[in-house]
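Have a look at this one.
The values are calculated or read from the model by the stated rules, or taken from the named source; none is laboratory data. Small disclaimer: the values here were computed from a predicted structure and weren't measured. Note: ideal-geometry Cβ built from the backbone for every residue, glycine included; neighbour counts use all protein chains shown. Keep in mind that these areas ignore ligands, DNA and RNA; they rest on the heavy atoms of the full protein, side chains included. Shrake-Rupley method; radii C 1.70, N 1.55, O 1.52, S 1.80 Å.
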Amino acid sequence: MGKLPIVAADVRGRLRTTYLLVSVLMVTVLTVISAALPARGLLFGMVAIGPALAAPSASPPAVLAVGGYACAAAFAVSTWQGLLGDSAQYARLLFVALTTAICWLLAYHHRRMLRSTAGAIREREMLAALAEQSGDAIIVSTLDGIVLTWNSGAERMYGWTAAETIGRSFDVILPPDRSDALELALAGLAAGDQLFLAETRRVRKDGTPFLVSATVWPIRDGSGAVVAAAATERDVTEERQARERSARADRLESLGQLAGGVAHDFNNLLAIILNYADFLADEVTGEAADDLGRIRSAADRARSLTGQLLLFAKREPTEVETIDLNRVVIEADDLLSRTIGENIRLICRPQDDVMPVRANRGRLDQILLNLVINARDAMPTGGVLVLETDRVDFADGSAEPLPPGRYAQLTVSDTGTGMTAEVRDRIFEPFFTTKSEDRGTGLGLATVYGIVGDAGGHIAVDSAPGIGTTFRILLPSATADVAPQAGPAPDPAPGQGELIMVVEDDDFVRDLVTRILKDHGYRATALGEGSLARMDLEDVSLVISDIVLRGRSGPALMARLRSRRPDLRVLFMSGYSEAEVRREHGIDAGTRIVPKPFTAIELLAGVTEALAVDHADSDA
């Protein structure tokens, strides 16, 4: 398209040369004829036709040159014929001069017209080139919806070529339910209205739906009448998805803030329930003991639910180790078999070789349990559930959303009811569930998604209604040796009368901690704000303090106490995420934090560790 102005200029140049050659030739011929005829014929004035023939060249200087040549020829012929000084000679020469002047004006006007037209042509060609090269779809149609123009941007966006769409109705790119909207839009355009659609649905040639933003305006002719409509459309599908991902991330962040906010008080309550249930366990028998066991079991489930919320909100760090994925599957066989019931057949197919991965063992067990429970609920009348492990390698350029390398693969497949594409797309969203309220919280698969992501892996799901569902989990393979199985933790040694100061603003939790300490050989005292200044710290072996207190913080309180006794040891408690409180309050990794809700054994283990560090430092 850029060559067209050059070609047009070349054609005009050749025409100009032709006009000038013809005009000069005509003047020469007429001069010769006039010289050969009798003087009384006065034909020498006919050379005035030369400037007239040069005028279409649109070159005023050339017209003047041809006119001058004609005047000179007429003067020479008339003088040669003896008409020098005659009035006839003057009249003919004046006629040639006037003709030259008129032709000069015509050539000048013609040149201006050609330049104006050439400028308009260049502008139209430039606009056409811009429209053709635009990344947006630019479409022109009649007021009946027949496509007249279809640029390359439209070809790339829709998959239809210009040859396939020009002459067809615009509704070829519309969903079936948008025909009425097209008629209304064309009616508005015919009335002179301009339309802007921030988001509207379109369909590609292969049937793929997507979203565009569209600006449509009427095209008017020279009289102002609307004769067509032009539309500029831009694919905004990715922008919409980006907004949705951002909104989803905001929702998850809000969920994390909510979980962290309620965790402290909720975990305080759970600590009270768990430990007082343990206190009563040695005092009741029979049905009362069974009832107490159910209370303890419900508290454990509530504790697990709080952990799931914190994990999904990325606020609960996990300690990882190198473990064998095959061992996780094999050792979970018995538990999972009891979980799914007798009408579902469980098949485990672990690999023969060791498959080391870097993960938290409890989180892997949670993944298996959540996926198996989900599969069980999808097979209410029974079926087959298969757990498989395998090793896969991804090279550069792989379609998998993971870096190249070796991965351990865990596959969980069922023959259940399956799920639709709409459900599959939302299955990992928190609180999204297709189960009844008494069957699920909507956090199981969301938790699995969070665990796998934290481990640097990827989870995918393949499902169809009536066929079943397959979850495929990929975890990076580890190179270190598998850690040996840890035996049960020994019971903490009883205290030797050490004095421990307890700082906790919840009265029930403070009484609970004090009771646990006294029952296991320690002396315990509570610290109040009023007694801080006169408290004797010399006999205190350890301070147990909550991190978040009303109007103050445990670390700030410890700073005040250590200003009086620098070697004072501390054991912190917290119902918030450990990583969060360490970061917010500047607590170093060497300071032990006991997470709430805790059992008596967990609290005493922390006390023993803190005092052991104290004694080691003293010996050093």
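Among the numbered conditions (1) within 19 Å of Leu499 (Cα to Cα); (2) surrounded by 13 or more Cβ atoms within 10 Å (Cβ to Cβ); (3) not aromatic (Phe, Trp, Tyr), tell me where Glu580 comes up short.
(1)
Of all the residues that make up segment 170-187, how many are out of contact with any Asp or Glu (no Cβ under 8 Å at 6 or more places or on another chain) and surrounded by 16 or more Cβ atoms within 10 Å (Cβ to Cβ)?
Count: 4.
Looking only at segment 506-522, filter to residues that are buried (at least 17 other Cβ atoms within 10 Å of the Cβ) and not aliphatic (A, V, I, L, M); which one of those is nearest to Ser541 (Cα to Cα)?
Tyr522
Here's the yes/no breakdown for (1) under 25 Å from Ser254 (Cβ atoms); (2) at pLDDT 90 or above; (3) open to solvent by 30 Å² or more (accessible area, probe 1.4 Å):
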residue: Ala375; (1), (2), (3): no, no, no
residue: Thr381; (1), (2), (3): no, no, yes
residue: Arg426; (1), (2), (3): yes, no, yes
residue: Phe431; (1), (2), (3): yes, no, yes
residue: Ala460; (1), (2), (3): no, no, yes
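While we're here: Could you please let me know if Ala486 is among the small types (Gly, Ala, Ser), open to solvent by 20 Å² or more (accessible area, probe 1.4 Å), at pLDDT below 85 and not in a helix (DSSP H, G or I)? Spell out the reasoning first.
Working: among the small types (Gly, Ala, Ser): yes; open to solvent by 20 Å² or more (accessible area, probe 1.4 Å): yes; at pLDDT below 85: yes; not in a helix (DSSP H, G or I): yes.
So Ala486 passes the test.
Matching residues to (1) touching a residue at least 24 places away in the same chain (Cβ under 8 Å); (2) closer than 20 Å to Tyr407 by Cβ:
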| residue | (1), (2) |
| --- | --- |
| Glu321 | yes, yes |
| Asp334 | no, no |
| Val354 | yes, yes |
| Ala359 | yes, yes |
| Asn374 | yes, no |
| Asp390 | yes, yes |
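Does segment 271-279 contain any residue that is polar (S, T, N, Q), at pLDDT 80 or above and under 30 Å from Asp519 (Cβ atoms)?
yes
Could I ask something else about it? If Gly192 satisfies every condition in (1) more than 35 Å from the chain's Cα centre (by Cα); (2) closer than 24 Å to Gln241 by Cα but one, which is the exception?
That leaves (2) as the condition not met.
To keep it simple, each residue is scored yes or no on (1) buried (at least 22 other Cβ atoms within 10 Å of the Cβ); (2) under 24 Å from Ile33 (Cβ atoms); (3) modelled with pLDDT under 85; (4) not assigned by the TED database to the domain that holds Ala36.
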site: Pro61; (1), (2), (3), (4): no, no, no, no
site: Val66; (1), (2), (3), (4): yes, yes, yes, no
site: Ala73; (1), (2), (3), (4): no, yes, yes, no
site: Ala76; (1), (2), (3), (4): no, yes, yes, no
site: Ala91; (1), (2), (3), (4): no, yes, yes, no
site: Leu98; (1), (2), (3), (4): no, yes, no, no
site: Ala101; (1), (2), (3), (4): no, no, no, no
site: His109; (1), (2), (3), (4): no, no, no, no
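Of all residues in segment 583-593, count the ones that are over 31 Å from the mean Cα position of the chain (by Cα) and either open to solvent by 40 Å² or more (accessible area, probe 1.4 Å) or not aliphatic (A, V, I, L, M) (or both).
Residues flagged as over 31 Å from the mean Cα position of the chain (by Cα) and either open to solvent by 40 Å² or more (accessible area, probe 1.4 Å) or not aliphatic (A, V, I, L, M) (or both) within segment 583-593 amount to 7.
Looking at (1) open to solvent by 20 Å² or more (accessible area, probe 1.4 Å); (2) outside any helix (DSSP H, G or I); (3) not β-branched (Val, Ile, Thr), which is the only condition Leu571 fails?
So the condition that Leu571 fails would be (1).
Hey, can you tell me all the residues within segment 387-396 that are open to solvent by 20 Å² or more (accessible area, probe 1.4 Å) and closer than 23 Å to Asp352 by Cβ?
Our first condition is that a residue be open to solvent by 20 Å² or more (accessible area, probe 1.4 Å); within segment 387-396, this holds for 388, 390-396.
If the condition is that a residue be open to solvent by 20 Å² or more (accessible area, probe 1.4 Å) and closer than 23 Å to Asp352 by Cβ, then Glu388, Asp390, Arg391, Val392, Asp393, Phe394 are the ones that fit.
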